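The block underneath contains the structure these notes are about, expressed in structure tokens.
Nothing in this text is a laboratory measurement; each read-out follows from the coordinates by a stated rule. Just so we're clear, the structure is a prediction, and the values are computed from it rather than from any experiment. Using ideal geometry, Cβ is built from the backbone for each residue, glycine included, and neighbour counts are taken over all protein chains shown.
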Ligand SMILES: [Cu+2]
């Protein structure tokens, strides 16, 4: 595609967007005002039994410095079920600003007992038995390394009062070292809490626009193939 064509397409697109952004129709005006946002940590979608509908893995109130995280063990079949929210081996997880309160709702989606506790990532990656003392006071489900949780929903909270690289790790012996953990980074540079996915980040960091749109860029950065 020539650049001039691209310019025209973009102009057309902008015009279209402008047209769509016109005043609301009568029907839109009649629609009742949106219901007030659900209160923070409102997790009615998560019940001990039954399906999980639209799980909200993260919600937050930056003014109050509170983040609510939902951690579901065996969310899918990845890593033989030893995953949280479909992530394992700390290839993704949470970023939380230093000093925030973290409210955790934990659910095990499997009949096999699992648990979750906050440990240093370096330990969580290699230790067979994580013991029963989480890194932050209170940052664990009950009896995380012996009994665990099957169908119950567990809740706990802690204050992220030290920077570092941690993991939400399954406390069952061998699980965390075998990948049943997700990353938790606490840093004073963060201004709000977020989830991240290492595979998507890698894709974005290594994104090469010339590979995705070779027709568009080929003529400008590479000489044509030699004529045989
Ligand atoms: Cu586990």
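Looking only at region 131-146, which residues are on the phi > 0 side of the Ramachandran plot and within 25 Å of the chain's Cα centre (by Cα)?
Scanning region 131-146 gives a single hit, 138.
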| Name the pairs: first residue in region 145-172 and touching a residue at least 12 places away in the same chain (Cβ under 8 Å) and more than 15 Å from residue 135 (Cβ to Cβ), second residue assigned to a loop (DSSP other than H, G, I, E, B) and away from the ligand (no atom under 14 Å from the Cβ), Cβ to Cβ under 7 Å, at least 6 apart or on different chains? | 151/48; 151/49; 152/48; 153/46; 153/48; 154/142
| Just a yes or no: is a residue in region 110-120 surrounded by fewer than 17 Cβ atoms within 10 Å (Cβ to Cβ), away from the ligand (no atom under 15 Å from the Cβ) and without any contact (Cβ under 8 Å) to a residue 24 or more places away in the chain? | no
| query | Of all the residues that make up region 160-179, how many are closer than 14 Å to residue 80 by Cα and more than 9 Å from the ligand (Cβ to nearest atom)? | reply | 2
| message | Can you tell me which condition residue 128 does not meet? The list is (1) over 16 Å from the mean Cα position of the chain (by Cα); (2) away from the ligand (no atom under 12 Å from the Cβ); (3) buried (at least 18 other Cβ atoms within 10 Å of the Cβ), and all the others hold. | response | (3)
| Are any residues in region 81-109 away from the ligand (no atom under 11 Å from the Cβ) and assigned to a loop (DSSP other than H, G, I, E, B), and if so, which ones? | 85, 86, 89, 90, 91, 98, 99, 100, 109
